[in-house]
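One structure follows; several queries about it will come next.
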Amino acid sequence: MVKQHMPIALTKYYVDHKLSENIKNKTKQIIENIKESMFDRISMIEWLDEETKQKVIEKLSKMKDIIEYPEIFNNPKIIYEKYKYIDIKDYFTYYLLPKNDNQFIYLSETESGVDPLMVNAFYIHSLNEIYIPAAYLRLPYYGISGSDYLNYGYFGTIIGHEVTHAFDNTGRLYDSDGNKNNWWTDDDDKDFKELSQCFIDQYNDFSFTVNNKKYVIDGEFTLGENIADNGGLSRGYEAWKKSILKNPEKASQHNKKLPGLSKYTLDQLFYIAYGQSHCSIGDEKDPHAPGKARVNVVLSNSKDFAKAFNCPTGSPMNPKNKCSMW
């Protein structure tokens with residue numbers, strides 16, 4: 001109700017109470033580490049020609065990340081001007097004011113027209129930009145006082161997911177400036193499709209049953225999200241490990257185990273956090289695979305996960321044949 005009628009005031013309250021400079025700075029550091037991990041990964045990829053690889057690097061270099069909240073929220077006078085006509089004693093009259101007009105004014109104040117109170121992060125191909133609405137920087141996705149393995153397991157893998165979207169089966173069709181353009185060599189195009197087919201077949205073969213109902217996955221329909229999920233997990237893990245190497249002393253203070261979880265290693269806790277982030281109810285029309293596949297299939301492709309949990313080679317969570325791209 002408040003969001004419908006007073007979105008600017010509500011967002012101002014949220015920003016003042018939940019979005020400190022410390023949170024924004026730490027968030028930006030995680031994003032920088034994720035991108036650095038992606039640069040490292042690109043340099044090691046053998047299936048890309050040097051020509052295409054340089055264009056991948058160029059696109060990643062130009063990619064912008066925007067933590068979305070309008071600057072007007074830092075100016076109380078502007079907020080007052082927006083609502084000075086309201087008689088707070090007369091709720092009924094205000095209730096009758098057009099909701100759509102109010103929402104339009106609200107969104108027009110943002111840099112992108114994105115609702116800062118939306119709990120979602122996303123990548124826009126035509127702009128080569130990642131958007132992180134202000135409301136996303138909260139538990140369980142992100143916690144300023146939380147351990148880094150949790151923040152990277154949740155938030156880091158999500159940012160890695162969005163970064164990877166720039167190079168999935170749709171994102172790869174756009175260049176570094178967001179223009180639809182074929183910048184792939186014939187050989188790289190062929191290799192990309194072969195690697196994609198591995199994911200398509202893998203997800204097509206995955207099924208599970210809940211309450212006597214069998215769920216199957218369309219590997220082609222969910223391909224883009226599956227590529228992003230797999231890349232996102234790798235980037236989140238690598239970025240977290242690199243953050244530890246950069247400052248071991250500080251890292252020890254930021255990676256303390258939660259009470260009752262002492263039997264797990266830090267690596268295991270990272271993957272547990274990732275798994276928890278995909279606890280959800282699926283929708284057949286959703287281009288994302290169901291939560292169980294977003295966890296089990298993705299983790300089964302990770303050599304680091306298998307090592308962390310000592311999964312035997314050839315077991316369901318450590319198959320001999322894995323799919324990998326980014």
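The values are calculated or read from the model by the stated rules, or taken from the named source; none is laboratory data. Quantities reported herein were computed from a predicted structural model and do not represent experimental measurements. Cβ: placed from backbone, ideal geometry, glycine included. Neighbour counts: every protein chain shown.
For the list (1) within 24 Å of E220 (Cβ to Cβ); (2) over 13 Å from the mean Cα position of the chain (by Cα); (3) at pLDDT 95 or above, I need the number of the one condition that G160 fails.
Every condition holds for G160 apart from (2).
Going by the conditions given, is S262 under 23 Å from I124 (Cα atoms) and not β-branched (V, I, T)?
no
Next question. Say whether the condition of being touching a Lys or Arg at 6+ places or on another chain (Cβ under 9 Å) and surrounded by 12 or more Cβ atoms within 10 Å (Cβ to Cβ) is met by at least one residue in segment 246-262.
For segment 246-262, residues touching a Lys or Arg at 6+ places or on another chain (Cβ under 9 Å) and surrounded by 12 or more Cβ atoms within 10 Å (Cβ to Cβ): absent.
List the number of the failed condition for N212; all other conditions in (1) over 24 Å from the mean Cα position of the chain (by Cα); (2) surrounded by fewer than 16 Cβ atoms within 10 Å (Cβ to Cβ); (3) closer than 28 Å to T52 by Cβ hold.
The failed condition is (3).
Those residues that are part of a helix (DSSP H, G or I) and charged (D, E, K, R), I need them from segment 34-65; list them, please.
K35, E36, D40, R41, E50, E51, K53, K55, E58, K59, K62
Could you please find all residues in segment 278-300 being within 15 Å of L223 (Cα to Cα) and more than 18 Å from the chain's Cα centre (by Cα)?
The answer is E284, K285.
Continuing with the same structure: Does I244 meet the test of being within 23 Å of the chain's Cα centre (by Cα), under 13 Å from G153 (Cβ atoms) and of a type in the set (A, V, I, L, M, F, W, C)?
no
Here's something else I'd like to know. Among the helices (runs of 4 or more DSSP H) confined wholly to segment 129-231, which include 1 or more residues that are under 30 Å from D16 (Cβ atoms)?
Helices (runs of 4 or more DSSP H) meeting the threshold: 148-151, 157-165.
For residues that are touching a residue at least 40 places away in the same chain (Cβ under 8 Å), in contact with a helix residue (DSSP H, G or I) (Cβ under 9 Å, 6 or more places away or on another chain) and in a loop (DSSP other than H, G, I, E, B), tally how many sit in segment 289-320.
4
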